[in-house]
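Quick notes on the structure that follows.
The values are calculated or read from the model by the stated rules, or taken from the named source; none is laboratory data. What you see is a predicted model; the values in this text were computed from it and never measured. FYI the Cβ positions are ideal-geometry reconstructions off the backbone, even for glycines, and counts take in every protein chain you see.
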Amino acid sequence: MREDLRRRLRELGVVQGVRELATLPPRRRVAIEDLVPGRFHTTSHGQCFVVETTYPLGHSHGDLPLSSFLGLSPEVAARVARDDALTSVDLRRVCFLDTETTGLSGGTGTMAFVVGLGFFTEESFQLHQYFLRDPGDEPAMIESLAELLPEFEALASFNGRAFDVPILENR
């Protein structure tokens with residue numbers, strides 16, 4: 001390559017080969033507990049970090065208060081969710097589930113790094129967010145979820161049957 005062309009490319013930031021790449025400064029690691037208020041849940045497999053948020057039933061999300069969901073008939077909920085099993089479920093016993101994962105394929109190595117569970121109590125809507133600080137925390141997170149999920153009659157999720165639940169079950 002002509003030297004003047006090489007010089008002009010270098011001035012534009014184009015490099016050839018790894019020897020010419022600049023070393024990046026080390027990133028400062030920030031612990032999740034320094035960013036959001038939460039607590040560590042201790043299990044037999046270690047700890048996972050959980051953020052628990054309470055919303056009063058009158059809290060509006062969009063145009064409707066959260067309590068409006070509880071006013072639905074089970075038949076309407078089943079139609080909306082396209083799940084006939086909900087016709088026989090007390091809507092207070094539904095757990096809403098969502099995951100954020102390291103990939104969309106669901107194959108080996110795909111893990112949930114955030115799992116959100118939402119559910120109603122007598123006086124509120126609870127949102128529990130489980131954060132994976134490190135892959136080594138995954139068994140503790142799965143154990144924490146396994147402790148809470150049996151309390152519910154049904155799961156509601158946008159893509160739970162096809163993606164979220166299999167990701168968690170296969171771990």
(request) Mind listing just one residue for me: the one in the stretch 90-106 that is polar (S, T, N, Q) and surrounded by 11 or more Cβ atoms within 10 Å (Cβ to Cβ) and, of those, modelled with the highest pLDDT? (result) Thr99
(message) Could you check the stretch 61-99 and list, in sequence order, the residues that are of a type in the set (Phe, Trp, Tyr) and touching a Pro at 6+ places or on another chain (Cβ under 7 Å)?
(response) none
(request) Of the numbered conditions (1) surrounded by 13 or more Cβ atoms within 10 Å (Cβ to Cβ); (2) in contact (Cβ under 8 Å) with a residue 60 or more places away in the chain; (3) under 19 Å from Glu153 (Cα atoms), Gly116 fails exactly one; give the number of that condition. (result) (2)
(message) Considering only residues that are touching an Asp or Glu at 6+ places or on another chain (Cβ under 8 Å) and acidic (Asp, Glu), which ones fall in the stretch 68-91?
(response) Asp90
(request) Kindly indicate whether any position in the stretch 107-115 is under 15 Å from the mean Cα position of the chain (by Cα), of a type outside the set (Ser, Thr, Tyr) and at pLDDT below 80. (result) no
(message) Just to be sure I understand, how many residues within the stretch 23-72 are loosely packed, with under 11 Cβ neighbours inside 10 Å, small (Gly, Ala, Ser) and out of contact with any helix residue (DSSP H, G or I) (no Cβ under 7 Å at 6 or more places or on another chain)?
(response) 3
(request) Among residues belonging to the stretch 51-77 that are in contact (Cβ under 8 Å) with a residue 24 or more places away in the chain, assigned to a strand (DSSP E or B) and out of contact with any Ser or Thr (no Cβ under 7 Å at 6 or more places or on another chain), point out the one that is farthest from Phe120 (Cα to Cα). (result) Val51
(request) Of the conditions (1) closer than 22 Å to Asp137 by Cα; (2) modelled with pLDDT of 80 or more, His61 clears all except one; give me its number. (result) (1)
